[in-house]
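**Student:** Once you've had a glance at the structure underneath, I'll fire off some questions.
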């Protein structure tokens, strides 16, 4: 009986191992970031994510852009969450902004916003 149980367990583990999919962390962060951006847009918390340095960067006049377009800049500084792709998140937000405001906002946005393309 013990031998039979060991054989069954071995077959189950082998089948599970062979059917497991390899998950690429970059793919999961992309999917998570797109989902997070859409959730934030749905909740009315529109923002562009920024990768900064040791100290967050302020660009003179950014508050004018934020007020005009009802959007915020969120600077992570030098500590980025591992599960977020700034580029993929910002692409979703940029698409939303294009639909809502046309492409005119692109000339006013901070130049260090990654993932929005060079349509400005």
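**Student:** Residues being touching a strand residue (DSSP E or B) at 6+ places or on another chain (Cβ under 6 Å) and buried (at least 16 other Cβ atoms within 10 Å of the Cβ): count how many of those fall in the range 73-84.
**Tutor:** Result for the range 73-84: 2.
**Student:** I'd like the residue in the range 41-57 that is surrounded by 12 or more Cβ atoms within 10 Å (Cβ to Cβ) and over 15 Å from the mean Cα position of the chain (by Cα) and, out of all such residues, is nearest to residue 107 (Cα to Cα).
**Tutor:** This residue is 57.
**Student:** Restricting attention to the range 85-120, which residues are out of contact with any strand residue (DSSP E or B) (no Cβ under 7 Å at 6 or more places or on another chain), under 15 Å from residue 37 (Cα atoms) and outside any helix (DSSP H, G or I)?
**Tutor:** 85, 114, 115, 116
**Student:** Which pairs have Cβ atoms under 6 Å, sit 6 or more apart or on different chains, and link a residue in the range 94-105 that is farther than 12 Å from residue 48 by Cβ to one that is at pLDDT below 95?
**Tutor:** Close Cβ pairs satisfying both conditions: 103/119.
The values are calculated or read from the model by the stated rules, or taken from the named source; none is laboratory data. Please read these numbers as outputs of a predicted model, since none were measured by experiment. Neighbour counts are summed over all protein chains in view; Cβ atoms, including those assigned to glycine, are modelled from backbone coordinates with ideal geometry.
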